[in-house]
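Novice: Next up is a structure, given as structure tokens.
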Amino acid sequence: MSYSVNEQGFYGEFGGAFIPEMLHANIEHLSKNYLKIIREAEFREQFDALLKDFVGRPTPLYHAKRLSQRYNTKIYLKREDLNHTGAHKINNTIGQILLARKLGKKRIIAETGAGQHGVATATVCALMGVQCIVYMGKTDIARQAPNVARMRMLGAEVRPALSGSQTLKDATNEAIRDWINNPSDTHYIIGSVVGPHPYPDMVARFQSVISEEMRWQLQEHEGREYPDIIIACVGGGSNAAGAFYHYLEDDRVCLIAVEAAGLGIDSGASAATSLLGTKGIIHGSKTLLMQTEDGQIVEPYSISAGLDYPGIGPQHAHLIQSGRAQVLHATDQEALDAALELARIEGIIPALETAHALAVLDKLEFKEDEIVVINLSGRGDKDLAAYIEYLENPSGRHKSDH
Amino acid sequence: MNRVKHLFDKKDRDILNVYFTAGHPQLDDTVDIIRQLSHEGVDLVEVGMPYSDPLADGKTIQNSSQKALENGMKLDILFAQIKEAREYTNIPIILMGYYNQMIQYGEAAFLEKAKEVGVDGMIIPDLPMEIYVQAYRNLFEELGLTISFLITPETSEERIRQADKLSSGFIYVVSKSSITGTSGAISGEQEEYFNRLEAMNLDSPTLIGFGIYDQSGYNTACRHANGAIIGSAFIRALESDGKLSDKIVSFLSGIR
């Protein structure tokens, strides 16, 4: 079975480009040109140079000895948190801004939930001197003030998405509507492996640098290119897509995607999309999504603003449905506990999203000589408010902001 | 015979298609709005199925959709309302909605139910022509439902020809690159695009929509196509104070 995208833009039955005609010309232009552009030697050189000198890649593959001891196995952390702007998101925005320049686009739009992708987009726009407009749900603007300030300092305009539930899905809708209204001068930098083809494939390719580095780093550390297990959190799924990319066809590697269970899978307040979702269309892509019986898209919940997306990237839907990837879930509380544990025994404060990946260590049984890689997708600075609340009341967190 | 096809057989100019969101302003207004539009001589009614994430729509239709959902609108309620409206009128009725709604209902069940209650055709803006041909064309034809595809100023000639071939009711000519509900007079650039379409001698009738909100826009559309589609402006009129029937009469008297 193939886990890559086919010529029509599908992963198995998922993916495609279910978009209004107004977007067709832009999406088709992108589909026809993205591979050609990103394979050009000049593009590769610029992309690699910026990842090295501006982003700070390669990121370390760190053998977390105390964490390994605690779980009686061999755990490596892929340190995407050490990237410039604090997460893996910038791998994609560097790639897309170079692509936008090649396409002759003068104006960039983006959506953001927690603000990490917004900051990463504002950063590359500042770097290239391009106009940047970031759509962000009004609710998210209120709860992610530091990232809003960062985007503004970087020269981006942050536009509140006032429609629907005023969170990530609505910010994405607003960005798509902006693109419909401004088809010729604008490029839309989507932040995850979601949206119409070719976005899921394009974003995965830009994020694939994560597993590309893992291969030679594991070779150095362990004398072999592959781990036994890779664990990554999944909202839309871009960090997982990057961490899985070069191992998709390698059956020796067990792929584990961790979704946010919020207050619990059956609580009515979770973002366990692959479990609770059904087939449908969201943001131009056929995938699994959380919706009512009448096909209205449901607002998910997680303490982590980066994981509360009602859909999941179409490739992940395919990996999960075909059994290639395994899905586990972590609640808010389990993620908070895992974040504290990593901080205390490894000296690393992870992002809340990443903490969900760490939280499943407790649920897995490892062999002593197994090699486990956890994609440490982001750092926790942006989540200090949630962590402070947790430290003051470690076991009694309630859903206060939802 | 299908009512949409019948309409275009007997009338080829000055066609007025009015769009509104089902279940808005009040849940039970749907039947009265259809009856009144029919009574006032509107040629075609386009009933919007309220959706949580209407990508192609501007603020007016977004808000009316949200309000309709808050009012409790569901597809089965809508089907019952259309069935009731059919007791009073023979006006062609088209459903406009998003592909996800159709998938979740079950595509075949959705189309069969629509046909059963008296719907004549569909507009599904995010259903690509390629998928329609692969998966649904036979079903539409068996049931005798029409489909209308959208074209825009950015649509290539080849694709316009494809939309012409596949559209079975009329072609929905999106007047400019935008979401619904924009204002402003029709520009020279838009007229050029309309002229380009006229010169193509398409087989299907054409209706121009998006940004048509007054008499002048309606007249321009009718000069270049078989008629016009008005949506957001009508919804705004429904949202004003007053009796529903008065608002409808007053709005239409300002159009033609």
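Novice: Would you be so kind as to identify which of B:PRO128, B:ALA221, B:THR21 lies farthest towards the positive end of the dipole of chain B, taking Lys and Arg as +1 and Asp and Glu as -1 on Cβ and the Cα centre as origin?
Specialist: Value: B:ALA221.
Novice: When a footprinting reagent is the concern and you count Cβ atoms within 10 Å, what order do B:LEU139, A:LEU361 take, fewest first?
Specialist: With the sparsest Cβ surroundings first, the list reads B:LEU139, A:LEU361.
Novice: Also, quick follow-up: Kindly provide the pair-distance distribution of the stretch B:3-253 built from C-alpha pairs, with 10 Å bins from 0 and whole-percent values in order of increasing distance.
Specialist: 7, 34, 40, 18, 1
Novice: Continuing with the same structure: What's the FRET efficiency of A:GLN321 with A:ILE265 using the Cβ-Cβ distance as r and R₀ = 22 Å, to the nearest 0.05?
Specialist: Efficiency at R0 = 22 Å is approximately 0.75.
Novice: Also, I was wondering about something else. Which of A:THR278, A:SER192, B:SER175 sits closest to the plus end of the dipole of the protein assembly as shown, meaning its Cα is farthest towards the positive end, when Lys and Arg get +1 and Asp and Glu get -1 on the C-beta?
Specialist: Among A:THR278, A:SER192, B:SER175, the one farthest towards the positive end of the dipole of the protein assembly as shown is B:SER175.
Novice: For the stretch B:12-53, divide the Cα radius of gyration by the Kirkwood radius and give the resulting Rg/Rh value with two decimals.
Specialist: When Rh is taken as the Kirkwood radius, the ratio is 1.03.
Novice: Whole-Hz Karplus ³J(HN,Hα) for the stretch A:263-280, in order, using 6.51 cos²θ - 1.76 cosθ + 1.60 and θ = phi - 60°, x for Gly and Pro?
Specialist: 8, x, 4, 9, 7, x, 9, 8, 10, 7, 4, 5, 8, 9, x, 10, 5, x
Novice: Between A:ALA343 and A:MET128, 0.36 nm times their residue separation minus their Cα-Cα distance comes to what?
Specialist: Residue separation times 0.36 nm, minus the Cα-Cα distance, leaves 73.8 nm.
Novice: In debye, nearest 20: dipole of the protein assembly as shown around its Cα centre with unit charges on the Cβ of K, R (+) and D, E (-)?
Specialist: Around 1000 debye, computed over the protein assembly as shown.
Novice: Using a simple spin-label model with points 7 Å from Cα along the Cα→Cβ vector, what separation in nm is obtained for B:VAL133 and A:LYS32?
Specialist: Between B:VAL133 and A:LYS32, the label points sit 1.7 nm apart.
Novice: Right, something else. Three principal axis extents, largest first, for the C-alpha atoms of chain A, in Å?
Specialist: 55, 47, 41
Novice: How far apart, in nm, are two points set 7 Å out from the Cα along the Cα-to-Cβ line at A:LYS106 and at A:ASP228?
Specialist: Placing both labels 7 Å along Cα→Cβ, they lie 5.8 nm apart.
Novice: Can I ask one more? So, R0 is 35 Å and r is the distance between the beta-carbons of A:LYS363 and A:ALA149; what FRET efficiency does that work out to, to 0.05?
Specialist: 0.40
Novice: Cα-based Rg of the stretch B:130-196 per 2.2 N^0.38 Å, rounded to two decimals?
Specialist: Output field value: 1.30.
Novice: Moving on. B:SER245 label point, 7 Å along Cα→Cβ, cut-off 12 Å on backbone N: hits in the stretch B:16-54?
Specialist: What the label zone holds, given the 12 Å backbone N cut-off, is B:32-33, B:35-37, B:39-40.
Novice: For a quick check: sort A:GLU368, A:GLU174 by the number of other beta carbons within 10 angstrom, fewest at the front.
Specialist: A:GLU368, A:GLU174
Novice: Using the crude model of +1 on Lys and Arg Cβ and -1 on Asp and Glu Cβ, and no other charge, please compute the dipole size for the stretch B:3-253 relative to its Cα centre, in debye to 20.
Specialist: Taking the Cα centre of the stretch B:3-253 as origin, the dipole is about 200 debye.
Novice: So if I place +1 on the C-beta of Lys and Arg and -1 on the C-beta of Asp and Glu, and nothing else carries charge, what would the dipole magnitude of the stretch B:11-70 be about its Cα centre? I want it in debye, nearest 20.
Specialist: Computed about the Cα centre, the dipole is about 80 debye.
Novice: For the stretch A:276-402, build the convex hull from the C-alpha positions and give me its volume per residue in Å³.
Specialist: Taking only Cα atoms, the stretch A:276-402 has a hull volume of 139 Å³ per residue.
Novice: Under 18 Å from the 7 Å Cα→Cβ point of A:GLN219, by amide nitrogen: which residues of the stretch A:46-73?
Specialist: Label zone hits: A:58-62.
Novice: Now a separate question. Mind sorting A:MET153, A:MET128, B:MET49 by how few other Cβ atoms lie within 10 Å of their own Cβ, fewest first?
Specialist: Lowest count first: A:MET153, A:MET128, B:MET49.
Novice: Next question. Just to be sure I follow: if Rg is taken over the C-alpha atoms of the stretch A:84-164 and Rh is the Kirkwood radius over the same atoms, what is Rg/Rh?
Specialist: With Rh from the inverse mean 1/r over Cα pairs, Rg/Rh is 0.96.
Novice: Okay, next question. For the residue pair A:LYS279 and A:LEU162, what label-to-label distance in nm results when each label sits 7 Å from Cα along the Cα-to-beta-carbon direction?
Specialist: 3.9 nm
Novice: Right, another one. What trypsin sites (Lys or Arg not before Pro) does the stretch B:1-84 have in DSSP loop regions with at most 11 other beta carbons within 10 Å?
Specialist: Loop-located and lightly packed - B:ARG13.
Novice: Apply the a/c threshold of 1.5 to the C-alpha gyration tensor of the stretch A:153-303 and tell me whether it is rounded, prolate or oblate.
Specialist: oblate
Coordinate-derived values only; no laboratory data. No experiment lies behind these values; they were computed from the predicted model shown. Backbone-built Cβ (ideal geometry, glycine too); neighbour counts: all protein chains shown.
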